[in-house]
Amino acid sequence: MAIEFRINHPVTADDFIDLLESSTLGERRPIHDRGCIEGMVSNSNLIVSAWDGPLLIGIARSVTDFHYACLLSDLAVHKDYQRSGIGKRLQSLTREQLGPRCKVIIIAAPAAKSYYGQVGYVHNGYCWVLDPGASIKSGRATSRSWTLKGAGSVPPSQ
Ligand SMILES: CC(C)(COP(=O)(O)OP(=O)(O)OC[C@H]1O[C@@H](n2cnc3c(N)ncnc32)[C@H](O)[C@@H]1OP(=O)(O)O)[C@@H](O)C(=O)NCCC(=O)NCCS
């Protein structure tokens, strides 16, 4: 059966977890935190997926403004289908959905360290990560008084 690629086709949390496990990326994603996984799937705004019949065999899951920056958060291909061009196709299709000024940003898993350079990405030493639980350190500016209007919140997972 031919592999079918789909753009923003619904992906369930179970499909996503199964693929994370079968690609090995599950070792680095919170597959045992169902609420987090559901939030990842339902709040993404660009998902390119690859299917072999009913089986999800590849995903490129991004969060993007489509014009300036696209965080390609998870790229995974089922172990039985790796190294046959599916990862590249998922990324090309992601790229095609974005405007001409939009860059794609990815944080490489150690196992895929050499992959991204090979397929065309440039390593950027200016990428910084604020880990979960870490907060911005206060400094001298905290002596000012601030007001705050409006507040965001974590969107629901579904
Ligand atoms: C990394 C991954 C997404 C690549 O997808 P894929 O479909 O296997 O890759 P492609 O077939 O499109 O690969 C294209 C090229 O990269 C090479 N390549 C694939 N995986 C690689 C890896 N982990 N490291 C180095 N090179 C790799 C292929 O040999 C191929 O080379 P060629 O074009 O010269 O023949 C996939 O292997 C995967 O899911 N790995 C486990 C999860 C993971 O590490 N994801 C990345 C998270 S940041």
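The values are calculated or read from the model by the stated rules, or taken from the named source; none is laboratory data. These numbers were taken from a predicted model, which means no experiment stands behind them. As a convention, Cβ positions derive from the backbone with ideal geometry for all residues, glycine included, and neighbour counts pool all protein chains shown.
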Qualifying residue in segment 8-18 (condition: within 23 Å of Q118 (Cα to Cα) and at pLDDT 95 or above)
no
Given the criteria within 11 Å of the ligand (Cβ to nearest atom), exposed (fewer than 10 other Cβ atoms within 10 Å of the Cβ) and under 25 Å from S49 (Cβ atoms), does P110 qualify?
yes
Qualifying position, being at pLDDT 95 or above, assigned to a strand (DSSP E or B) and surrounded by fewer than 17 Cβ atoms within 10 Å (Cβ to Cβ), among V63, V48:
V63
When restricted to L130, L98, L93, the only residue modelled with pLDDT of 95 or more and either outside any loop (DSSP other than H, G, I, E, B) or among the β-branched types (V, I, T) (or both) is L93
Would you confirm, using the coordinates I've provided, whether R101 is free of Cβ contacts under 8 Å to residues at least 12 places away in the same chain and either over 24 Å from S157 (Cβ atoms) or aliphatic (A, V, I, L, M) (or both)?
no
Has segment 25-43 got at least one residue that is surrounded by fewer than 22 Cβ atoms within 10 Å (Cβ to Cβ) and at positive phi?
no
Cβ-Cβ under 6 Å, sequence separation 6+ or interchain: first residue in segment 12-28 and among the charged types (D, E, K, R), partner within 13 Å of the ligand (Cβ to nearest atom) and modelled with pLDDT of 95 or more. Which pairs?
D15/L56
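Within segment 118-128, is even one residue surrounded by 15 or more Cβ atoms within 10 Å (Cβ to Cβ), free of Cβ contacts under 8 Å to residues at least 40 places away in the same chain and not hydrophobic (A, V, I, L, M, F, W, C)?
yes
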When both residues are 6+ apart or on different chains and their Cβ atoms are under 6 Å apart, which pairs have a first residue that lies in segment 68-83 and is assigned to a loop (DSSP other than H, G, I, E, B), and a second that is of a type in the set (S, T, N, Q) and within 7 Å of the ligand (Cβ to nearest atom)?
H78/S23
Which residues, counting only those in segment 6-16, are assigned to a helix (DSSP H, G or I), surrounded by 19 or more Cβ atoms within 10 Å (Cβ to Cβ) and not aromatic (F, W, Y)?
A13
